[in-house]
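Trainee: This structure is in structure tokens; I'll ask about it shortly.
What follows draws every value from the coordinates through simple rules; no lab data is involved. Everything numeric in this text was worked out from a predicted model, so none of it was measured. No Cβ is skipped: glycine too gets one built from the backbone with ideal geometry, and neighbour counts run over all protein chains shown.
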Amino acid sequence: MKGKEYDYILVFKGTGHGLVNRISKLMLLLAISIFIFSSAFPFTKTSVLPLLVTAAIIGWWVYIYLQQKKGNILYYRIALMLAAYGWYIQPKGLLIALVYLVAALLEKQVKFPDEVAFDNEEIVFNSFPKKFYPWTAFRNIVLKDGLLTIDFDNNKLIQKELESVTTAKDEEEFNEFCRARLSPVTA
């Protein structure tokens, strides 16, 4: 979380983006199929541009595959932008091009790390869109054995395992930080 300084930022485990990646792959596969089909039947001089776009999308997909082997976060937005251009040059493809462009622009936003930040005034969940809560919205917050438990005042409960290992000392400091902000509310 950029901008404001937070006392604690906790990153949750299992921040995979499988569903978003599968949707991106499906959209790209659809685009590649349509571009190849529309270029081949009938093949003309104008068929070359959609084939070049298809080759660029496939090239980006290969690059993404290599990045996945290195353990990096996968971003399909470049390929989605190429597909948006490919749809734009298709007859009557403007609306679909806009859908692909929106998907490309939103992909990075929905792949933010799953984290929560704490400071003296508020607690912020790094989601899309970000969710800001005052301390008065919570009954209790406890970090124990790498498991963060957040008990909302409206009976909503969140329990998530943290990505990094925490020491007993770190957990006690965090819990004391939370108790100090919650106790005036509950007293």
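Trainee: Could you tell me whether segment 129-140 includes any residue that is touching a strand residue (DSSP E or B) at 6+ places or on another chain (Cβ under 6 Å) and among the hydroxyl-bearing types (Ser, Thr, Tyr)?
Mentor: Checked against the condition, which is being touching a strand residue (DSSP E or B) at 6+ places or on another chain (Cβ under 6 Å) and among the hydroxyl-bearing types (Ser, Thr, Tyr), segment 129-140 yields at least one hit.
Trainee: Moving on. So residue 85 ticks every box in (1) assigned to a loop (DSSP other than H, G, I, E, B); (2) surrounded by 14 or more Cβ atoms within 10 Å (Cβ to Cβ); (3) among the hydroxyl-bearing types (Ser, Thr, Tyr); (4) over 15 Å from the mean Cα position of the chain (by Cα) but one. Which box is left unticked?
Mentor: Every condition holds for residue 85 apart from (1).
Trainee: Would you pick out the residues in segment 85-107 that are of a type in the set (A, V, I, L, M) and over 20 Å from residue 128 (Cβ atoms)?
Mentor: 89, 94, 95, 96, 97
Trainee: Separate question: Please identify the pairs in which a residue from segment 153-178 that is free of Cβ contacts under 8 Å to residues at least 24 places away in the same chain has its Cβ atom under 6 Å from the Cβ atom of a residue that is part of a loop (DSSP other than H, G, I, E, B) and surrounded by 13 or more Cβ atoms within 10 Å (Cβ to Cβ), counting only partners at least 6 apart or on another chain.
Mentor: 166/146
Trainee: Moving to a separate point now. Condition first: touching a residue at least 24 places away in the same chain (Cβ under 8 Å) and either aliphatic (A, V, I, L, M) or within 23 Å of residue 162 (Cβ to Cβ) (or both). Now tell me which residues in segment 80-107 satisfy that.
Mentor: 80, 82, 83, 89, 103, 104, 105 - these are the residues of segment 80-107 that are touching a residue at least 24 places away in the same chain (Cβ under 8 Å) and either aliphatic (A, V, I, L, M) or within 23 Å of residue 162 (Cβ to Cβ) (or both).
Trainee: Next up: Go through segment 100-126 residue by residue and tally those that are farther than 30 Å from residue 89 by Cα, surrounded by fewer than 15 Cβ atoms within 10 Å (Cβ to Cβ) and over 12 Å from the mean Cα position of the chain (by Cα).
Mentor: 2
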